[in-house]
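Peer 1: Pasting a structure here, questions to come.
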Amino acid sequence: MNGSRETGKEANGKQRARLPVEKIKENVVAWLMLAPAAIGLAIFLAVPFLMAFQLSLTDTRLLSPNPPQFAGLENYRQLLRVSVILMEPLRDPVTGEVQRDEQGRILYPRPRTILRSDARYEGMGELAQFHLLGRRYLVAAGDPTFWKGLTNNFYFALVVVPLQSAFALLLAILVNQKIRGVNLFRALYFMPVVVPMVVVAVIWFFLYNPGVGTINAFLKAVSSGRLGPFNWLGDPRLAFPSIMLLSIWQGVGFQMVIFLAGLQEIPGELYEAAEVDGCNEVQKFFFVTLPQLRNTTIFVVVATTILAFQLFTQVQVMTGGGPGEATMTTILHAVREGRYQLRAGYASAITVVFFLIVLAVSLVQRAVLREERAIE
């Protein structure tokens, strides 16, 4: 009896000893498989980011005969500097009464005059104006173009990500049907993705031509001359929506393929069970298809958001950030500062801040969507 007990204890001890060894082997294999991706991220992401951060702490200027000097956080101070200023109305120098225009609106001094008259706002420019509780305020920034570009980036992402994802899901459902020639439609929808964005932007630039562009000609034909011509890229109200339309058309094929892969992984038994329960096509979509595509949708949304913040090529080719900075983006502003203003240190500060903003957005998305994708 004692011998058998000792034998059992020895066997348990050997089994426990094997567990850490097997776990170590699994960890080693996991790290070996992770190594290529980790090395690639270190070389092409971490190292360039650290180099850009180091450069952002200097006043480096391209083609300058002067050696770079350490500037500390001066570039970041100028980039992120924002002030909200209460605007006092103009008053009559004799009576002291508030001056008004012909329509009875209160007159205020020009923002440039306000900023130049106070040394605290030296080097700052007008960003925006707003009214609050009957008072008028001026928002001034050390780099108004940066904040305008950042606002456009968020505007672009908030519009393009949901529309492109929804349209991609619709196309995926259409090309998932078992009909003849469906592979042709899949290829046609995916074709714009493989075309370089520069080529796409040039083609759409001619399509948007206000004089002889195909889009204006089409609108004129279908409306009997009542619509158009529109200056799609020259009107500040239409320029950015026009670029959004181009971007959705060009990139929707990529998301379509991802959704198509997810649709083909849904077991057919689920749809059969739904039919037995009396569900129609709409009910099967909301209660079977969408829940089964949860993880796929999360990937599409996160990936599309990152791609949306990389908006650059189509803006550079079609509008150059205009008209009046209506289509300015953060990356385009950084490129201009580095290429044309030759301020490499300041351009690096823009890229560092923008990278951290996009990283924060991605982490927030991951934290929120992780709760949604939890499977019990």
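Peer 1: If I filter region 113-130 for residues that are modelled with pLDDT under 95, more than 24 Å from Thr330 (Cα to Cα), surrounded by fewer than 16 Cβ atoms within 10 Å (Cβ to Cβ) and touching a strand residue (DSSP E or B) at 6+ places or on another chain (Cβ under 7 Å), do I get at least one hit?
Peer 2: Taking region 113-130 as the starting set, the residues that turn out to be modelled with pLDDT under 95 are 113-130.
Keeping just the survivors that are more than 24 Å from Thr330 (Cα to Cα) gives 113-120.
Among the residues that remain, those that are also surrounded by fewer than 16 Cβ atoms within 10 Å (Cβ to Cβ) are: 113, 116-120.
Filter again for touching a strand residue (DSSP E or B) at 6+ places or on another chain (Cβ under 7 Å), leaving none.
No: zero hits.
Peer 1: Please state which one of Leu342, Leu332, Leu356, Leu311 is closer than 22 Å to Tyr155 by Cα and out of contact with any Phe, Trp or Tyr (no Cβ under 7 Å at 6 or more places or on another chain). First the steps, then the outcome.
Peer 2: Numbers: Leu342 fails: closer than 22 Å to Tyr155 by Cα; Leu332 fails: out of contact with any Phe, Trp or Tyr (no Cβ under 7 Å at 6 or more places or on another chain); Leu311 fails: out of contact with any Phe, Trp or Tyr (no Cβ under 7 Å at 6 or more places or on another chain).
One residue alone meets the criteria, Leu356.
Peer 1: While we're here: Looking at Phe156, Phe167, which one is under 22 Å from Ile298 (Cα atoms), surrounded by 19 or more Cβ atoms within 10 Å (Cβ to Cβ) and aromatic (Phe, Trp, Tyr)? Full working, then the answer.
Peer 2: On the way: Phe167 fails: surrounded by 19 or more Cβ atoms within 10 Å (Cβ to Cβ).
Step by step, each of Phe156, Phe167 is checked, and only Phe156 is under 22 Å from Ile298 (Cα atoms), surrounded by 19 or more Cβ atoms within 10 Å (Cβ to Cβ) and aromatic (Phe, Trp, Tyr).
Peer 1: Quick one: what pairs do we get from region 47-62, first residue closer than 16 Å to Leu79 by Cα, second surrounded by fewer than 16 Cβ atoms within 10 Å (Cβ to Cβ), C-beta under 7 Å, 6+ apart or different chains?
Peer 2: Taking only residues 6 or more apart or on different chains, the pairs are Leu57/Phe70; Leu57/Gly72; Thr58/Pro68; Thr58/Gln69; Thr58/Phe70; Asp59/Pro68; Asp59/Gln69; Thr60/Pro68.
Peer 1: Take the residues in region 78-98 that are of a type in the set (S, T, N, Q) and surrounded by 13 or more Cβ atoms within 10 Å (Cβ to Cβ), then tell me which one is farthest from Leu132 (Cα to Cα). Outline the logic, then answer.
Peer 2: Taking region 78-98 first, the residues of a type in the set (S, T, N, Q) are 78, 83, 95.
Filter once more, keeping what is surrounded by 13 or more Cβ atoms within 10 Å (Cβ to Cβ): 78, 83.
On the way: Gln78: 27, Ser83: 16 Å.
Of everything passing the filter in region 78-98, Gln78 is farthest from Leu132 (Cα to Cα).
Peer 1: Working only within region 262-278, note down all residues that are modelled with pLDDT under 90 and not in a helix (DSSP H, G or I).
Peer 2: Asp277, Gly278
Peer 1: Could you tell me which numbered condition Phe230 fails, if it satisfies all but one of (1) under 26 Å from Ala308 (Cβ atoms); (2) assigned to a helix (DSSP H, G or I)?
Peer 2: Going through (1) under 26 Å from Ala308 (Cβ atoms); (2) assigned to a helix (DSSP H, G or I) one by one, Phe230 breaks only (2).
Peer 1: Can you work out which of the residues in region 27-36 that are surrounded by 10 or more Cβ atoms within 10 Å (Cβ to Cβ) and not aliphatic (A, V, I, L, M) is modelled with the highest pLDDT?
Peer 2: Among them, the one singled out is Trp31.
Peer 1: Kindly check whether there is at least one residue in region 202-213 that is assigned to a helix (DSSP H, G or I) and hydroxyl-bearing (Ser, Thr, Tyr). Give the steps one after another, and end with the answer.
Peer 2: Residues of region 202-213 that are assigned to a helix (DSSP H, G or I), as a first pass: 202-207.
From the residues that got through so far, the ones that are hydroxyl-bearing (Ser, Thr, Tyr) too are none.
Within region 202-213 (the criterion being assigned to a helix (DSSP H, G or I) and hydroxyl-bearing (Ser, Thr, Tyr)), the answer is no, since none of the residues qualifies.
Peer 1: Considering Pro93, Pro65, which residue is assigned to a loop (DSSP other than H, G, I, E, B), within 30 Å of Glu337 (Cβ to Cβ) and without any contact (Cβ under 8 Å) to a residue 12 or more places away in the chain? Quick ask: steps written out before the conclusion?
Peer 2: Numbers: Pro93 fails: within 30 Å of Glu337 (Cβ to Cβ).
When all the criteria are applied, what remains is Pro65.
Peer 1: Can you tell me how many residues within region 235-284 are farther than 21 Å from Thr327 by Cα, free of Cβ contacts under 8 Å to residues at least 12 places away in the same chain and among the hydrophobic types (A, V, I, L, M, F, W, C)?
Peer 2: Final tally of qualifying residues: 4.
Peer 1: Search region 212-232 for residues being polar (S, T, N, Q) and out of contact with any Phe, Trp or Tyr (no Cβ under 7 Å at 6 or more places or on another chain), and hand back the single one that is surrounded by the fewest Cβ atoms within 10 Å (Cβ to Cβ). Write out each step before concluding.
Peer 2: Taking region 212-232 first, the residues polar (S, T, N, Q) are 214, 216, 223-224, 231.
Those still in the list that are out of contact with any Phe, Trp or Tyr (no Cβ under 7 Å at 6 or more places or on another chain) too: 214, 223-224, 231.
Numbers: Thr214: 13, Ser223: 10, Ser224: 7, Asn231: 19.
The extreme case among them is Ser224.
Peer 1: What are the residue pairs meeting all of these: first residue in region 321-345, first residue under 19 Å from Leu127 (Cα atoms), second residue at pLDDT 90 or above and charged (D, E, K, R), Cβ atoms under 6 Å, and 6 or more apart or on different chains?
Peer 2: Pairs that qualify, where the first residue is under 19 Å from Leu127 (Cα atoms) and the partner is at pLDDT 90 or above and charged (D, E, K, R), are Glu325/Lys148; Met328/Lys148; Glu337/Arg343.
Peer 1: Anything in region 72-87 that is of a type in the set (Gly, Ala, Ser) and not in a strand (DSSP E or B)? List them, or say none.
Peer 2: Gly72
Peer 1: Something else: Does at least one position in region 235-258 carry a residue that is outside any helix (DSSP H, G or I), at pLDDT below 95 and of a type in the set (Gly, Ala, Ser)? I'd like the intermediate steps shown before the answer.
Peer 2: Within region 235-258, the first condition is being outside any helix (DSSP H, G or I), and the residues that meet it are 235.
The next check asks that each one be at pLDDT below 95; those that pass are 235.
Narrowing the set further to residues that are of a type in the set (Gly, Ala, Ser) leaves none.
The answer is no; no qualifying residue exists.
Peer 1: Something else: Might you check whether a residue that is more than 20 Å from the chain's Cα centre (by Cα) and either of a type in the set (A, V, I, L, M) or at negative phi (or both) occurs anywhere in region 142-160? Spell out the reasoning first.
Peer 2: Narrowing region 142-160 to residues more than 20 Å from the chain's Cα centre (by Cα): 142-143.
Among the residues that remain, those that are also either of a type in the set (A, V, I, L, M) or at negative phi (or both) are: 142-143.
Checking region 142-160: at least one residue is more than 20 Å from the chain's Cα centre (by Cα) and either of a type in the set (A, V, I, L, M) or at negative phi (or both).
The values are calculated or read from the model by the stated rules, or taken from the named source; none is laboratory data. What you see is a predicted model; the values in this text were computed from it and never measured. When we count neighbours, we look across all protein chains shown, and the Cβ atoms used for this are built from the backbone with ideal geometry, even at glycine.
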